[in-house]
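In what follows, a structure is listed as structure tokens, so that the remarks can point back to it.
The values are calculated or read from the model by the stated rules, or taken from the named source; none is laboratory data. Worth saying up front: this structure is predicted, and the values here are computed from it rather than measured. Positions of Cβ are generated from backbone atoms using ideal geometry, with glycine treated the same way; all protein chains shown enter the neighbour counts. Side chains are part of the model used for accessible areas, which takes the heavy atoms of the whole protein and leaves out ligands, DNA and RNA. Shrake-Rupley method; radii C 1.70, N 1.55, O 1.52, S 1.80 Å.
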Amino acid sequence: MGDRPLATGAAGLAQWRALFPILAQPVNGRPLAYLDNAATTQVPLPVQDALRRFEQHDRANIHRGVHTLSQRATDAFERARGELERFVGAGAAHELVFTSGTTDALNLVAHGLSTAGISPATIRAGDEIVVSGLEHHANLVPWQQAARRAGAVLRILLPDEQGQLHADDLARLLTPRTRVFALTACANATGERPPFEALLAQAAAAGALTVLDAAQAVGHGTLDVSALACDFLAFSGHKMYGPMGTGALVGRRDALERLEPLRYGGDMVVWVTQEQASFAELPARLEGGTPNVAGAVGMAAAAAFIEQVGRQAIDEHVAALRAHAVAGLAALPGVTVLSADGGPSAIVSFVAEGVHPHDIGTLLDEQGIAVRTGHHCAQPLIEHLGLGPTTRASFALYNTHDEVERLLAGVAHALEVLR
Ligand code: PLP
């Protein structure tokens, strides 16, 4: 069924939308327009069914039991791993490690590269880490801590006034001491889609390990990690129609081998004495403790759902919704849209002269329109752009152009009331 235009295909958007019962639930007496998908998408019935099936029939702890349920749960967990690897284009040189989300995955990388233990630290005193200035705190703060821990220098690839990154700026920052370059596939605060393919390749050519935060790309943009100069790719299940608190780190095996585990304990060891332990191979070495097994199963079901709808179709649909919203918002008096020309993405973020975004968000909520307001966990970027907190609408496959019209009318009304 995939890759027919979502809004006009024979299957039609309504059919997909019907798989998300929460969307039919009125909020504040009004139909819900859920436009906070960059934070968390809703979960369709096929994913809920997969979760329920696992909990009703297969639930048990994995890897440690000889009994049938444990083996079934282990099979389901490992099958989910394989399906998600395929979903992001991971090849024989890659491994996928389950995490609780993008934040967890990025902490695993930043901590793992800057801490000595099973293996020597990759980032050491005097080394350099380059992070883009578009990042969510999850892809900045762990690097600040890594630099502090290792005695390394953190350098920021700042965007220009439009919020765009440039290859020549990166060229000036890369040196033989650059160990890591970390970048987002899409800035969650602005919707800017940087040329991450080229920037990652440039950093890799300079000898840096490369980290891509794909939190805002995995739910629609077709990601093929094998085609990228990418050592570590992080994403969240709850931003791709999967269960809350799920995610993954996909990495080249030789890069993952460099990571010192964040968690020591069961399931990540081979042999333990009172004095010491020997450690399991990847990916188990980085998955100490009981993982979210149902979450992994649900994430794989979400990936299958995305493929069924069609990644290109979703991508085109959310980009069209964004273009519609950008044009409408930019036409409102005193409204500035961030990264208006930021390339295809699912996020539109704006400021309105003389009006606080929290007030806009509150008035929109009264009309059943859910948006997010504030710094969007990207305070340094928002401050760099000099615009202050914003109102952000973010789209998913089930959103409609009617909802964009409701957003535009709601913002226009809010501006009238608040000014
Ligand atoms: N990176 C980006 C670009 C994000 O948008 C987010 C969340 O909004 C995160 C990282 C953190 O993701 P999580 O809260 O799922 O760990």
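Before moving on, here are some points about what is shown:
- Strands (runs of 3 or more DSSP E) fully within the range 188-278 counting 1 or more residues that are in the same structural domain as VAL97 (by TED's automatic domain parsing) and within 16 Å of the ligand (Cβ to nearest atom): 209-213, 232-236, 247-252
- Of the listed requirements (1) away from the ligand (no atom under 16 Å from the Cβ); (2) over 23 Å from LEU228 (Cα atoms), GLN42 misses just one: (1).
- Selection within the range 164-187 - part of a loop (DSSP other than H, G, I, E, B) and either within 19 Å of SER345 (Cα to Cα) or open to solvent by less than 10 Å² (accessible area, probe 1.4 Å) (or both): GLN164, LEU165, HIS166, ALA185, CYS186, ALA187
- Residue in the range 354-365 that is among the acidic types (Asp, Glu), over 20 Å from the mean Cα position of the chain (by Cα), exposed (fewer than 15 other Cβ atoms within 10 Å of the Cβ) and more than 16 Å from the ligand (Cβ to nearest atom) present: no
- Selection count where residues are part of a loop (DSSP other than H, G, I, E, B) and of a type in the set (Ser, Thr, Tyr), scope the range 363-419: 2
- Residue count for the range 67-85 under the criterion of being in contact with a strand residue (DSSP E or B) (Cβ under 9 Å, 6 or more places away or on another chain) and among the basic types (Lys, Arg): the result is 1.
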